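Visitor: Could you have a look at this structure, given as structure tokens, before my questions?
Values in this text are rule-based calculations from the coordinates and carry no lab data. Since the model is a prediction, treat every value here as computed from it, not as a measurement. Please note: Cβ atoms are built from the backbone with ideal geometry, for glycine as well, and neighbour counts cover all protein chains shown.
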Amino acid sequence: MPKTWIIPDIHGFATTLKTMVGQQIKPDKSDRLIFLGDYIDRGPDSKGVLDFIMQLQEDGYNIIPLKGNHEDTCVKTWEAEKERRLPGGWWSKSQLQKAWESFGGIQTMKSFNVTRVADIPEKYIRWMAALDYFLETENLVAVHAGLNFYIDDPFSDIRSMLWIREFSVKPEKIDHKILVHGHMPVDLKTIDQSVRKENPVSVDLDNGIYVKHLSGYGHLVALEANSMKYRVQTVVEETG
């Protein structure tokens with residue numbers, strides 16, 4: 001039976017992702033790999049993460065990459081900077097680029113060997129811009145951050161799908177499917193408790209891969225949705 005793997009926030013840890021996929025998941029092309037966004041920023045090789053996922057797509061694997069708030073911010077910053085012109089050819093960082101840099105954009109630009117977001121190759125920007133915000137399957141809803149259950153149609157609130165931090169699931173609004181998301185780091189104990197529940201309404205898979213020196217955090221997690229079993233990959237990169 002084909003498997004459905006769900007992988008949350010990777011944040012530039014390309015070698016860790018490759019190790020998880022190559023040594024633990026070992027997907028067949030009939031399997032489905034759902035990525036919950038936040039491929040870039042904070043970690044050492046955002047470009048490598050994007051290259052790896054894009055290559056999996058090109059190689060014919062069933063890849064469903066969703067958009068996270070970091071991709072959304074990067075794309076918007078890139079588009080704004082491309083349109084920005086200053087007299088005499090001078091260039092200075094906009095407030096938008098400074099804001100993006102403050103939560104990981106500097107590391108992303110370094111992985112592309114550029115100092116301006118506008119110099120990131122367009123193919124990466126267009127790939128990120130085209131990502132879907134959510135995926136609904138027969139038994140789950142996958143999204144980066146979560147959903148706004150205070151409105152009639154939770155799927156109409158795009159900002160919440162990217163950014164929401166606190167919410168209470170109303171199962172009837174998503175046909176009593178399991179909501180699987182990332183965005184907010186939780187420890188391994190919390191992930192384990194959520195996955196092991198008999199009828200979970202939501203599962204947060206983000207273990208804060210970039211979080212160091214905090215017990216229970218700092219790993220990449222992958223959930224196999226059919227069996228509700230998960231794998232944990234320790235960070236491979238030397239991050240200092």
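Visitor: Are there any GluC sites (Glu not before Pro) in region 74-145 that are in a DSSP loop and have at most 11 other Cβ atoms within 10 Å? List them by number.
Guide: The qualifying sites are 138.
Visitor: Would you please state which residues of region 1-43 a label at residue 226 would reach in this model, taking the label point 7 Å out along Cα→Cβ and a backbone N cut-off of under 18 Å?
Guide: Once the point is set 7 Å along Cα→Cβ of residue 226, 1-7, 24-35 turn out to lie under 18 Å by backbone N, inside region 1-43.
Visitor: Shifting gears a bit: Using 11 Å as the cut-off for backbone N distance, which residues of region 195-226 belong to the label zone defined by a point 7 Å from the Cα of residue 1 along Cα→Cβ?
Guide: It comes to 225-226, nothing else.
Visitor: Cut-off under 12 Å on the C-alpha distance; same-chain residues fewer than 8 positions from residue 177 excluded. Which aspartates and glutamates are left, in chain and number order?
Guide: 136, 138
Visitor: Starting from the Kirkwood radius over alpha-carbon pairs of region 187-240, derive D by Stokes-Einstein at 37 °C in a medium of 0.692 mPa s and give it in µm² s⁻¹.
Guide: D, rounded to a whole number, is 277 µm²/s.
Visitor: Net charge near residue 161: determine it from the other residues with C-beta under 11 Å of the C-beta of residue 161, scoring Lys and Arg +1 and Asp and Glu -1.
Guide: -1
Visitor: With +1 on each Lys and Arg Cβ and -1 on each Asp and Glu Cβ, and nothing else charged, work out how big the dipole of region 4-234 is about its Cα centre, in Debye to the nearest 20.
Guide: Numbers: 28 positive and 32 negative charges, 141 e Å.
Around 680 debye, computed over region 4-234.
Visitor: Net charge within 13 Å of residue 52 by Cβ-Cβ distance, Lys/Arg positive one each and Asp/Glu negative one each, not counting residue 52 itself?
Guide: Net charge in that neighbourhood comes out at -2.
Visitor: Rounded to whole Å and sorted largest first, what semi-axes of the equivalent ellipsoid does the C-alpha gyration tensor of region 4-234 yield via the square root of 5 times each eigenvalue?
Guide: 30, 20, 17
Visitor: Residue farthest toward the positive end of the dipole of region 4-234, with Cβ of Lys/Arg at +1 and Asp/Glu at -1: which of 55, 190, 217?
Guide: 217
Visitor: Which is farthest toward the positive dipole end of the chain among 162, 149, 2, measuring Cα position about the Cα centre, with Cβ charges +1 (Lys, Arg) and -1 (Asp, Glu)?
Guide: 162
Visitor: Using +1 at the C-beta of Lys and Arg and -1 at the C-beta of Asp and Glu, which of 112, 37, 226 has the Cα lying farthest in the positive direction of the dipole of the chain?
Guide: 112
Visitor: Can you give the alpha-carbon Rg of region 22-118 over 2.2 N^0.38 Å, where N counts its residues?
Guide: My calculation over the Cα atoms of region 22-118 gives 1.28.
Visitor: Taking a 19 Å limit on the Cα-Cα distance, which of the listed pairs 93/123; 47/123; 18/47; 3/29; 47/229; 47/110 fall beyond it? Walk me through the intermediate numbers first.
Guide: On the way: 93/123 22 Å; 47/123 12 Å; 18/47 13 Å; 3/29 10 Å; 47/229 29 Å; 47/110 9 Å.
The pairs that break the limit, which is 19 Å between Cα atoms, are 93/123; 47/229.
Visitor: Then there's this: Which of the trypsin sites (Lys or Arg not before Pro) across region 139-199 are loop residues per DSSP, with 14 or fewer other Cβ within 10 Å?
Guide: 165, 197
Visitor: Neighbour counts of other C-beta atoms within 10 Å: give me 144, 219, 176 arranged from fewest to most.
Guide: On the way: 144 29, 219 20, 176 11.
In increasing order of surrounding Cβ atoms, one gets 176, 219, 144.
Visitor: Net charge near residue 106, counting Lys/Arg +1 and Asp/Glu -1 over other residues with Cβ under 13 Å of its Cβ?
Guide: Local net charge: +3.
Visitor: Could you work out [θ]222 nm for the chain from helices alone, using -39500 (n - 2.57) per DSSP H run of at least four and dividing by all its residues? Round to the nearest 500 deg cm²/dmol.
Guide: Calculated from helices alone, the mean residue ellipticity at 222 nm is -8000 deg cm²/dmol.
Visitor: Could you compute the FRET efficiency for residue 163 and residue 26, with r as their C-beta to C-beta distance and R0 at 30 Å, rounded to 0.05?
Guide: Values: r = 34 Å, r/R0 = 1.12.
Between residue 163 and residue 26 the formula returns 0.35.
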